[in-house]
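Structure first, commentary second.
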Protein chains: 4
Amino acid sequence: MTQFYGTGAALVTPFKVDKSVDYEALVRLVNFQIDNDIDYLVVMGTTGEPATLTNVEKQKVIKTVIETNNGQLPLVIGIGGNNTQAVINEIEETDLSAFDAILSVSPYYNKPTQEGIYQHFKAIAAISPKPIIIYNVPSRTGVSMTPKTILRLASDCSNIIGVKEASGDMDQAFMLLQNKPEGFLVLSGDDMVALPMVLMGGAGVITVIGQGIPGDFSKMIKLALEGKSKEASKLHFKIMNSIYYIFEEGNPAGIKALLKKRSICECTVRLPLVEASAELQEKISNFIDNY
Amino acid sequence: MTQFYGTGAALVTPFKVDKSVDYEALVRLVNFQIDNDIDYLVVMGTTGEPATLTNVEKQKVIKTVIETNNGQLPLVIGIGGNNTQAVINEIEETDLSAFDAILSVSPYYNKPTQEGIYQHFKAIAAISPKPIIIYNVPSRTGVSMTPKTILRLASDCSNIIGVKEASGDMDQAFMLLQNKPEGFLVLSGDDMVALPMVLMGGAGVITVIGQGIPGDFSKMIKLALEGKSKEASKLHFKIMNSIYYIFEEGNPAGIKALLKKRSICECTVRLPLVEASAELQEKISNFIDNY
Amino acid sequence: MTQFYGTGAALVTPFKVDKSVDYEALVRLVNFQIDNDIDYLVVMGTTGEPATLTNVEKQKVIKTVIETNNGQLPLVIGIGGNNTQAVINEIEETDLSAFDAILSVSPYYNKPTQEGIYQHFKAIAAISPKPIIIYNVPSRTGVSMTPKTILRLASDCSNIIGVKEASGDMDQAFMLLQNKPEGFLVLSGDDMVALPMVLMGGAGVITVIGQGIPGDFSKMIKLALEGKSKEASKLHFKIMNSIYYIFEEGNPAGIKALLKKRSICECTVRLPLVEASAELQEKISNFIDNY
Amino acid sequence: MTQFYGTGAALVTPFKVDKSVDYEALVRLVNFQIDNDIDYLVVMGTTGEPATLTNVEKQKVIKTVIETNNGQLPLVIGIGGNNTQAVINEIEETDLSAFDAILSVSPYYNKPTQEGIYQHFKAIAAISPKPIIIYNVPSRTGVSMTPKTILRLASDCSNIIGVKEASGDMDQAFMLLQNKPEGFLVLSGDDMVALPMVLMGGAGVITVIGQGIPGDFSKMIKLALEGKSKEASKLHFKIMNSIYYIFEEGNPAGIKALLKKRSICECTVRLPLVEASAELQEKISNFIDNY
């Protein structure tokens, strides 16, 4: 699964100021990634605000990305949830032919036990026609998948090919890297520690900031994969403040403000999210001007 | 809104061992509450596993509760989510005539800012034909509603009549109690601290354990509302261990194990939840035997 | 040990503006407690800044309190540390004849295991000629004494008569209250939750704010001990904001600012502590003016 | 201050089974470091249990290290505390001629504000005849020095030459690395993240485990300083489990168990610490046997 080494961009769903989906901006966004060395694209990730898209919109967003990409980059689709049967149904009902993998977040809100998480993903893996990357983000879901659970899934389900790890716990990443099966992908789901994770043996990152500063971010990760820590860390500190900014008022409000500055899309989001404050937009604007 | 003083039971949705909804058990459960001094019923709360019910099942569960209750107790329905427009649509499309209020959890997973949470509930309140109790449970949603946000909503939206507060932070409850508008309900959403919250001025509790031990739990809260802390705290310590047990492997796996012991329903839950372990069922069984 | 029911005041050590100890202010402070219904006095508690007093100063402070008190109130002396042998030596070398108990904080900084904490206090209890109240304040020490360790000490050492519990964890207090031996004192070490802890069965509080607002604070705790939660909680909400204020910039900088406003002492503290900011002094001053 | 690049070993103080200091073991320990590529030695660090040493013992330990080292490695001495004046006095009264720097922990237990921490170290720096490395370890002290405070000290006090950073917060390390003055040392105080911190630009580490596995640990850090992340991370994963083990029951109980296995000293510690359990000693023994 070397196609997921490097940098995957978790695409936003651009909205016009009237809150309708801006498909033209989405085309610009996808081309911006392709033209700037991003390695693969993730649609319907958390950053894409799928919670507030209708089914019709989701289909059209997916179609737009597939057509714009036109086979140039590997594609990952986010399908996850806190109802195991519903996730199974969605996978079975979705045309996955254009996708190389599914990114599936662990259940949020209903707080399963580790055994529940294991059974959830085991059931999903059993019916999935595509490889699965599981996603651990306890700050959103309310419960962390332990290394033991992740490694148990990695061992028992051959089509669970990796984990997007965003627990913010470097020790957890180390335990995964030390004990994972050969070829299992440990991907950072946290832009700030993406570089140290790759330097320590991670396969790459699924990034938010990377879609706004794709050239340098992608280069940083490539250098890290080659073991060139000095050159890579220089890029990290060049990019770093933008990472603070884009998460300061939540995701994707921040990255959309940065993409607006770059003339790719508006900074509009849908409720319950609200767009970045004028102060934050100003900080991001200054960052880009001085980049 | 004095009908929400006291103890509201957040009802489980009983499942048969084949995982289908057990409507007969639901009738037993509702009658058990009515016969044992519970003050009002909450359907489609988190404890009811609405995330894993189909729409048809939800309708039939709601209908069963309404018919069994037959006007004896006030009814609250849970309608919440992380897509503001979808919550609005659901409220508009639901027949709420039998209900006295809506319980609406703050958005989970997509982590809105405080301003986003405010705009979310303001938009919902604007269209709701029924009073709303907002629900703060950061351990599930990933973000806490601050006292400032809650008080801003209490002040600006006359049909937001209370908060189910489950942040686990006694200071937060104190700030709400000190600064809330007259009549605004501060309800505990945490069984373990329900008694101290009511003794300090809270209006009551929306409870999980209370549906399993309704008589004593309801009596404890009534004593607290009358300012009788000594009698109330004796009941707290009598009940206390069962609270640890029913949350030890997550909710509602634990309370369903207790309700099974009481011959009300099976302990079946749906994935991603898994039923209580044999060890936990044994502890709960012993607790009830020695109660 | 009913003499420790109610409110013990953890006295500050007043300093003049030149940072020398202000013994006249200390006399005023002690008399202020005696005249306003405080139940017992604690000298050399954390609030007394013993870490920055010389041995000579400590002796003179102790002597001043003993002489001013003149047998009117029970006295407790703080003797604790992270060197077990040194604590033993200090107890053996101190004239404890005027004291009714020792308050001994669990070891800070060197982070013993629970077994280490147990052995530490067991060794101290074995040589102490006076009853001991152990003090759990993990936000300062870096490690919490678990209920199991506290209860083990309560059971094994007859002269460990109570715990000052400041873990900020209501569940921990409940476990102690449920399982403690008859007569063992569970005292709140946290002013904000002192009232709910006493309403739930606690014996009282060792307080910081109480020395600044002794009449109402002491009355609140007495009402709680009598089970009068409604009257007590009114006083809680009257006092509450001052508790936030006095801990906003750390203890005892805040309480000294309040005592300055009350003309009892200067607000001087010794490095590494610094006195309360002008803004905080203003807030405290306004609070007292409007009390 | 390039002498502090690389690996500094925070030496334990060996005790005989009768709990007296074992000076012969200390000689073995120091020689083990010198013979295995450790870059400098730290005496009277937290790992050395200075809290439970008498002044006479401290002097003799220091003398033993100085004489054994005989000028071969740079030496750092730990002098810190929560009484600013006492730290000043100790620095002024100690013969520092053999030492190259002082390691000074931020105040523990009395929880100064950031301004208090700043004033504390500013006062110490003003009188210190030797360069100072400040030490941030909030899990022990109860309060973290913010990057702002550390950078303010770095900027205002020319003899504060570095920070031993053990907040466990990678973001904090990044902020320091990005904004520090030229030449200011950011040293890891946490063995587990020592490698990623150095790969990201840190100058090195003051280590516990490194004294037990000095050759490989020192080599790992040297490789990291040269930017050779792939070779370095191989050593990290070889060493990693021993780091979990030596902190599992607290420091220095764990490292002393490892040093016992290596025939350097007994695993004895002084109360309130207790020696590693038989189970942990077994795990450590197996680790070394299979290393």
- request: Return yes or no: is A:Thr13 within 14 Å of chain B (Cβ to nearest Cβ), under 20 Å from A:Pro131 (Cα atoms), modelled with pLDDT of 95 or more and crowded, with 23+ Cβ neighbours inside 10 Å?
  value: no
message: Where the second residue is of a type in the set (D, E, K, R) and the first is on the phi > 0 side of the Ramachandran plot and lies in the range D:154-172, which pairs have Cβ atoms under 7 Å and are six or more apart or on separate chains?
response: D:Gly168/D:Asp190
task: Please indicate, with yes or no, whether at least one residue in the range D:231-238 is within 24 Å of D:Val27 (Cβ to Cβ) and surrounded by 19 or more Cβ atoms within 10 Å (Cβ to Cβ).
output: no
message: Looking at C:Gly80, C:Gly6 in this structure, which one is of a type in the set (Gly, Ala, Ser) and in contact with an Asp or Glu (Cβ under 7 Å, 6 or more places away or on another chain)?
response: C:Gly6
query: Among A:Ala166, A:Ala203, which is touching a helix residue (DSSP H, G or I) at 6+ places or on another chain (Cβ under 7 Å) and small (Gly, Ala, Ser)?
result: A:Ala203
task: Please tell me if A:Ile117 is touching a strand residue (DSSP E or B) at 6+ places or on another chain (Cβ under 8 Å) and either among the hydrophobic types (A, V, I, L, M, F, W, C) or part of a helix (DSSP H, G or I) (or both).
output: no
query: Can you name the residue in the range D:128-154 that is of a type in the set (Val, Ile, Thr) and assigned to a helix (DSSP H, G or I) and is also farthest from the other protein chains (Cβ to nearest Cβ) among such residues?
result: D:Ile150
task: Filter the range C:209-249 for residues that are among the small types (Gly, Ala, Ser) and assigned to a helix (DSSP H, G or I) and give the result.
output: C:Gly210, C:Gly215, C:Ser218, C:Ala224, C:Ser229, C:Ala232, C:Ser233, C:Ser242
query: Considering A:Asp37, A:Asp22, which residue is more than 14 Å from chain B (Cβ to nearest Cβ), touching a Lys or Arg at 6+ places or on another chain (Cβ under 8 Å) and surrounded by fewer than 19 Cβ atoms within 10 Å (Cβ to Cβ)?
result: A:Asp37
message: Given the criterion more than 15 Å from B:Pro147 (Cβ to Cβ), over 15 Å from the mean Cα position of the chain (by Cα) and either of a type in the set (S, T, N, Q) or at pLDDT below 95 (or both), identify the matching residue among B:Ser229, B:Ser218.
response: B:Ser229
task: Residue by residue through the range D:53-73, note down the ones that are crowded, with 18+ Cβ neighbours inside 10 Å and within 10 Å of D:Leu41 (Cβ to Cβ).
output: D:Val65, D:Ile66, D:Thr68, D:Asn69, D:Leu73
- prompt: Among the residues of the range C:179-194, is any closer than 23 Å to C:Ile243 by Cα and surrounded by fewer than 22 Cβ atoms within 10 Å (Cβ to Cβ)?
  reply: yes
message: What's the total number of residues in the range B:2-29 that are assigned to a loop (DSSP other than H, G, I, E, B) and not β-branched (Val, Ile, Thr)?
response: 8
message: Quick check on the range B:215-250: of everything there that is within 24 Å of B:Ile134 (Cα to Cα) and of a type outside the set (A, V, I, L, M), which residue is nearest to the other protein chains (Cβ to nearest Cβ)?
response: B:Gly250
Test: residue in the range D:251-267 that is within 14 Å of chain C (Cβ to nearest Cβ), closer than 27 Å to D:Ile161 by Cβ, assigned to a loop (DSSP other than H, G, I, E, B) and not β-branched (Val, Ile, Thr): yes
statement: Within the range C:40-56, residues more than 19 Å from C:Leu258 (Cβ to Cβ) and either part of a helix (DSSP H, G or I) or within 14 Å of chain D (Cβ to nearest Cβ) (or both) come out as C:Met44, C:Pro50, C:Ala51, C:Thr52, C:Leu53, C:Thr54, C:Asn55, C:Val56
field: Single condition D:Cys265 does not satisfy, out of (1) in contact (Cβ under 8 Å) with a residue 60 or more places away in the chain; (2) surrounded by fewer than 20 Cβ atoms within 10 Å (Cβ to Cβ)
entry: (2)
query: Of the residues C:Met170, C:Met175, which single one is surrounded by fewer than 24 Cβ atoms within 10 Å (Cβ to Cβ), modelled with pLDDT under 95 and within 19 Å of B:Ala232 (Cα to Cα)?
result: C:Met170
query: modelled with pLDDT of 95 or more, part of a helix (DSSP H, G or I) and of a type in the set (S, T, N, Q), is that true of C:Ser158?
result: no
Residues of the range C:195-208 classified as within 14 Å of chain B (Cβ to nearest Cβ) and either acidic (Asp, Glu) or outside any loop (DSSP other than H, G, I, E, B) (or both), total: 5
- prompt: Across the range C:132-160, which residue is surrounded by the fewest Cβ atoms within 10 Å (Cβ to Cβ) among those that are more than 29 Å from D:Val143 (Cα to Cα) and not charged (D, E, K, R)?
  reply: C:Ser158
query: Just for the range B:76-127: of the residues that are acidic (Asp, Glu) and more than 7 Å from chain A (Cβ to nearest Cβ), which one is surrounded by the most Cβ atoms within 10 Å (Cβ to Cβ)?
result: B:Asp100
- prompt: Only one of these conditions is not met by C:Ala125: (1) among the hydrophobic types (A, V, I, L, M, F, W, C); (2) in a strand (DSSP E or B); (3) over 23 Å from C:Gly254 (Cβ atoms). Which number is it?
  reply: (2)
query: In this structure, is B:Val163 within 20 Å of B:Leu41 (Cα to Cα), crowded, with 24+ Cβ neighbours inside 10 Å and modelled with pLDDT of 95 or more?
result: yes
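The values are calculated or read from the model by the stated rules, or taken from the named source; none is laboratory data. Keep in mind that what you see is a predicted model, and the values were worked out from it rather than measured. Please note: Cβ atoms are built from the backbone with ideal geometry, for glycine as well, and neighbour counts cover all protein chains shown.
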